[in-house]
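The values are calculated or read from the model by the stated rules, or taken from the named source; none is laboratory data. As the structure is a prediction and not an experimental result, all values here were calculated from the model. Reconstructed Cβ throughout: ideal geometry from the backbone, glycine too, with neighbour counts over all protein chains shown.
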């Protein structure tokens with residue numbers, strides 16, 4: 001009879017992941033985001049739906065609105081404040097596979113946003129991406145499957161943005177190493 005030993009490994013910064021609490025309104029054929037106020041978010045078997053507070057708001061850092069029929073995001077900031085306790089703390093928004101022709105200005109004001117999925121929409125103009133330039137934490141943006149994909153300039157812009165991000169990262173690491 002052998003004894004089993006529990007092996008523990010130290011947690012390194014790379015292994016540490018922030019827990020993301022998500023509201024999932026995907027695959028519901030929504031045409032307007034305000035429809036979410038009338039329905040419960042979807043629940044996958046392994047995850048539970050976040051609980052509402054006394055004001056009827058969810059404590060979530062991620063919202064999935066993908067694979068719907070949303071073509072406008074009018075008053076998106078208002079919508080977020082009607083459904084999430086602190087919309088300024090959103091880190092992940094999935095609006096992929098909808099019918100959005102443009103990127104709403106409101107997305108460019110959520111400074112904590114790290115992941116923004118906009119692929120599979122109807123965004124035609126590369127200038128729409130300029131609305132996101134002031135997002136300091138944004139490190140993942142998907143735009144493939146939009147009509148703007150045919151514009152060759154996008155690849156140059158993305159390359160320049162990645163180069164700038166790498167420069168910032170290298171500068172931070174160099175500062176840490178030499179201070």
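When residues in the range 12-56 are screened for being modelled with pLDDT of 95 or more, on the phi < 0 side of the Ramachandran plot and part of a loop (DSSP other than H, G, I, E, B), 6 of them pass.
In summary, strands (runs of 3 or more DSSP E) completely within the range 61-169 and bearing 1 or more residues that are at pLDDT 95 or above and surrounded by 15 or more Cβ atoms within 10 Å (Cβ to Cβ) occur at 62-64, 92-94, 115-117.
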